[in-house]
Amino acid sequence: MAGEGDISISSVSVAGKVSRRTIYAHWGTIEDLVADSIFDPQEEAEREAFLATYKNPLRLLPAVIREVVSQRKAVI
C-alpha cells in the first residue's frame with residue numbers, strides 16, 4: 001500500500017490494479033472498504049455496529065491485524 005501505513009482509495013486502487021472509480025463505486029468510502037474486509041456478508045448487524053462505534057476504523061487496523069496473526073499462530 002502507500003508508505004508509512006497510509007491507506008487510501010488511491011493506494012487500494014493501485015495495489016488492486018483497478019481504478020479509483022471502481023473502488024468508489026463498490027464501497028464509497030475507505031471506512032466501508034475496511035469494514036467489509038473485516039466482516040463476512042452475513043455479519044451485517046455487527047458491521048453496522050462496528051462502523052457506528054468506530055467512526056474511523058482505519059486506526060484500528062493494526063490491532064485487527066495483530067489479532068488475526070495471533071489467532072493463526074494459535075491454530076498452527
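Bear in mind that the values in this text are calculations on the coordinates, not laboratory data. These numbers were taken from a predicted model, which means no experiment stands behind them. Counting neighbours? That spans all protein chains shown, and the Cβs are built from the backbone with ideal geometry, glycine included.
Take the residues in the stretch 1-22 that are hydrophobic (A, V, I, L, M, F, W, C) and in a helix (DSSP H, G or I), then tell me which one is nearest to VAL64 (Cα to Cα).
VAL12
Suppose we filter the stretch 23-45 for residues that are in a helix (DSSP H, G or I) and surrounded by 13 or more Cβ atoms within 10 Å (Cβ to Cβ); how many remain? Walk me through it before giving the result.
At the first step, the residues of the stretch 23-45 found to be in a helix (DSSP H, G or I) are 23-26, 30-38, 41-45.
From what is left, the residues that are surrounded by 13 or more Cβ atoms within 10 Å (Cβ to Cβ) are 23-24, 30-36, 38, 43.
So the count comes out to 11.
Of all residues in the stretch 46-59, which are in a helix (DSSP H, G or I) and of a type outside the set (D, E, K, R)?
ALA49, PHE50, LEU51, ALA52, THR53, PRO57, LEU58
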